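Structure, as structure tokens:
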Amino acid sequence: MTEPLTMYNILVTNDDGIDSPGLRAAVQAVLDLGNVTIVAPSQQQTGTGRGMTGDKEASLKSIDYHLDGKDVRAYHCACSPALIVRHSLRTIFKDTLPDLLISGINYGENLGINITSSGTVGAALEAASSGIPGIAISKQTDIESHHTYTEQDWSATSFFLNKFAKLLLSAKTKTQADVDVLKIDVPGDATLKTKYKTTRLARSAYYEKVLEDPSAISKIGDGRISINVDEAKLDPESDIYVFAVDKLVSVTPLSVDLTSRVKLPALQELFEDES
């Protein structure tokens, strides 16, 4: 007999902070799938990756969180997304781990090799390191919205989040080895009828920092962020191509195993030949 969805425990986090409308949209998208708990950074933590940064004297602070007539258990903490996930797994989830971790909905797409700096992805990978399947979901926005809570239509992104959350909670996808996180990127103009495609991570950067007159005295905060999409150099199966060129929802399976996909004995032999 199939276990009812209401038996599942779902942990929702983000890197945009506890007050983010994207977080609220994520919670609303999965509120009917189980028991939802929110743990999110107190403030904006974009770009923190999987870093374990924060106030060492801080702790989880409960907050009143109401949505669709329901009270949702929610906490915030002055730390990075990955750290709040790790801390919550060792405290409020010390006896029973969540069945699913959702990170998002993020303001701004996370594509290509830039994703290692994403707090959204970092939080999902942290949960995956404890054996919890995760979703890191992002909605395309203008760059100015990456640090500002601009008004967005979350309906399509919420639809795909609900869809893939159900899939990860089902027995079918649990048999897929080496799929620890699904990174989902939804175009800004996507609808409920937009197609989706499984993709691989592009071996190029999507976001680039442009300095007009770079020198040794250039400040870290100087310059502007631009988006780089060179269609001719992109793998058509990559997340950047599918998202930016095909205009589809990109679903990229990620693994916590960062080992290069090479034949290890052959690499060992090469090393020995060169030594």
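Read-outs throughout are calculated quantities, based only on the coordinates presented, and are distinct from any laboratory measurement. The shown structure was predicted, so the numbers you read here are calculated from the model rather than taken from an experiment. Cβ atoms come from the backbone with ideal geometry, glycine included; neighbour counts cover every protein chain shown.
The table for this structure:
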| item | result |
| --- | --- |
| Partner aspartates and glutamates for LYS195 [C-alpha distance under 14 Å; skip if fewer than 8 residues away on the same chain] | ASP185, ASP239, ASP246 |
| Spatially proximal aspartates and glutamates relative to LYS209 (Cα-Cα < 12 Å; intrachain offsets below 8 disregarded) | ASP222 |
| Distance-filtered residues of the stretch 24-41 - backbone nitrogen under 18 Å, label point 7 angstrom along MET7 Cα→Cβ | 32-36 |
| Per-residue HN-Hα couplings for the stretch 132-148 [Karplus 6.51, -1.76, 1.60; θ = phi - 60°; Hz; x = Gly/Pro] | 9, x, x, 10, 10, 10, 9, 10, 5, 9, 6, 4, 4, 7, 5, 10, 9 |
| Rounded to 5, percent antiparallel among DSSP beta bridges of the chain | 35 percent |
| Estimated FRET transfer efficiency (ARG73, LEU211; beta-carbon r; R0 41 Å; 0.05) | 0.35 |
| Placed amide H near ILE135: partners under 5 Å, 5+ positions off or other chain | LEU101, ILE102, SER103, LEU182 |
| Gaussian network model of the chain, springs between alpha carbon atoms under 10 Å - residue of GLN28, GLN176, GLN140 with greatest fluctuation | GLN176 |
| Of VAL210, LEU167, ALA26, farthest towards positive along the dipole that unit charges on Lys, Arg, Asp, Glu beta carbons give the chain | LEU167 |
| Pairs of lysines in the stretch 127-188 (C-alpha under 17 Å apart; 8 or more residues apart or interchain) | 8 |
| Dipole magnitude of the chain about its Cα centre (Cβ charges: Lys, Arg +1; Asp, Glu -1), debye to nearest 20 | 740 debye |
| Extension reserve of the THR91-ILE143 stretch, reckoned as 0.36 nm per residue once the Cα distance is removed | 15.2 nm |
| 222 nm mean residue ellipticity, helices alone, for the chain (DSSP H n ≥ 4; -39,500 (n - 2.57); rounded to 500) | -6000 deg cm²/dmol |
| For the stretch 29-100, size of Cβ-based charge dipole, Lys and Arg +1, Asp and Glu -1, in debye | 320 debye |
| Largest-first ellipsoid semi-axes for the stretch 1-153, taking √(5λ) over the Cα gyration tensor eigenvalues, angstrom | 22, 18, 16 |
| In sequence order, calculated HN-Hα J values of the stretch 257-265 (Karplus, 6.51, -1.76, 1.60; Hz; x Gly/Pro) | 7, 8, 4, 4, 7, 10, 7, 4, x |
| Spacing of the two label points (7 Å from each Cα toward its C-beta) at ASP246 and GLN43, in nm | 4.1 nm |
| Local electrostatic count at ILE102 - Lys and Arg +1, Asp and Glu -1, tallied over other residues with Cβ under 15 Å | -1 |
| Gained length - ASP230 relative to LYS263, 0.36 nm times residue gap less alpha-carbon distance | 8.8 nm |
| Distance between the stretch 127-146 and the stretch 1-74 - C-alpha centres, whole angstrom | 12 Å |
| The chain - percent relative contact order, Cα under 8 Å, separation 6 or more | 18 percent |
| Backbone HN-Hα couplings from phi across the stretch 155-165 [Karplus 6.51/-1.76/1.60, Hz, Gly and Pro as x] | 4, 5, 5, 5, 4, 5, 4, 4, 4, 7, 5 |
| P(r) histogram, all alpha-carbon pairs of the chain included - 10 Å bins from 0, percent | 7, 29, 35, 20, 8, 2, 0 |
| The stretch 127-240: mean projected area of Cα convex hull, nm² | 10.3 nm² |
| Listed residues ALA165, ALA244, ALA232, most fluctuating in the chain (Gaussian network, C-alpha, under 10 Å) | ALA232 |
